[in-house]
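Here is the structure we will look at, set down as structure tokens.
The values are calculated or read from the model by the stated rules, or taken from the named source; none is laboratory data. Owing to the predicted nature of the structure, the values given are computational and were not obtained by experimental measurement. Ideal geometry is used to build each Cβ from the backbone, glycine not excepted, and the neighbour counts take in all protein chains shown.
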Amino acid sequence: MRRAAAAVSVLALAACGGASGGAQGTSTTSPAQAKSAIASTWTTFFSASTPLSTEISLLQNGNRHEAQIQALHKQMPADLSARVVSVAVSNGQATVTYDLISNGQPLLSSHSTGKAVLVAGRWLVSEGTFCSLVTLAGSSC
């Protein structure tokens, strides 16, 4: 029970992270390229090592959530990362199944699911996914 509570807190706090990398989230033409871009966006956003400016750029309406991202990011585990299990793309949106990893282990016993959206030619973590995770942490979005 205690591990589950900690996992929910870390899962919610993970909404602020991302991994370092190049140009993430760009639009692509083929389904395989779209899935690759979405996976890259997802792993970058949910990694503790991504700079704040990059995190903001990978979140739908990220500028609205800058202060919240910054505050939550300070509480994340230093080794937080994401592993994308699958991506299903349909009509400018995608369902992303993923695991959040800390200390080399998934934080939850089952996969998590979120949404990515195509905005101005870039795949971004949806604002709804971010807000759901923030709500789990006990904050409002």
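Pick out the one residue from Ser81, Ser110 that is of a type outside the set (Val, Ile, Thr) and over 14 Å from the mean Cα position of the chain (by Cα).
Only one candidate passes the filter, namely Ser110.
Is there a residue being in contact with a Cys (Cβ under 9 Å, 6 or more places away or on another chain), surrounded by 20 or more Cβ atoms within 10 Å (Cβ to Cβ) and of a type in the set (Val, Ile, Thr) anywhere in segment 61-70?
yes
Looking at segment 68-91, is at least one residue touching a helix residue (DSSP H, G or I) at 6+ places or on another chain (Cβ under 7 Å) and among the basic types (Lys, Arg)?
Checked segment 68-91: no residue is touching a helix residue (DSSP H, G or I) at 6+ places or on another chain (Cβ under 7 Å) and among the basic types (Lys, Arg).
Residue pairs, Cβ under 6 Å, 6 or more apart or interchain, first in segment 63-83 and over 18 Å from Asn103 (Cα atoms), second surrounded by 12 or more Cβ atoms within 10 Å (Cβ to Cβ) and aliphatic (A, V, I, L, M). List them.
Glu66/Ile56; Gln70/Leu52; Leu72/Leu13
Which numbered condition trips up Thr43, out of (1) assigned to a strand (DSSP E or B); (2) surrounded by 16 or more Cβ atoms within 10 Å (Cβ to Cβ)?
Checking Thr43 against (1) assigned to a strand (DSSP E or B); (2) surrounded by 16 or more Cβ atoms within 10 Å (Cβ to Cβ), the one that fails is (1).
Regarding Gly21, is this residue at pLDDT 95 or above and either of a type outside the set (A, V, I, L, M, F, W, C) or touching a Gly at 6+ places or on another chain (Cβ under 9 Å) (or both)?
Taking the combined requirement at face value, the residue does not satisfy it.
Please give the number of the condition Val134 fails out of (1) among the β-branched types (Val, Ile, Thr); (2) surrounded by 21 or more Cβ atoms within 10 Å (Cβ to Cβ); (3) modelled with pLDDT under 90.
Result: Val134 fails condition (2) only.
Just the residues that are among the polar types (S, T, N, Q) and in contact (Cβ under 8 Å) with a residue 12 or more places away in the chain, please, taken from segment 105-134.
Ser112, Thr113, Ser126, Thr129, Ser132
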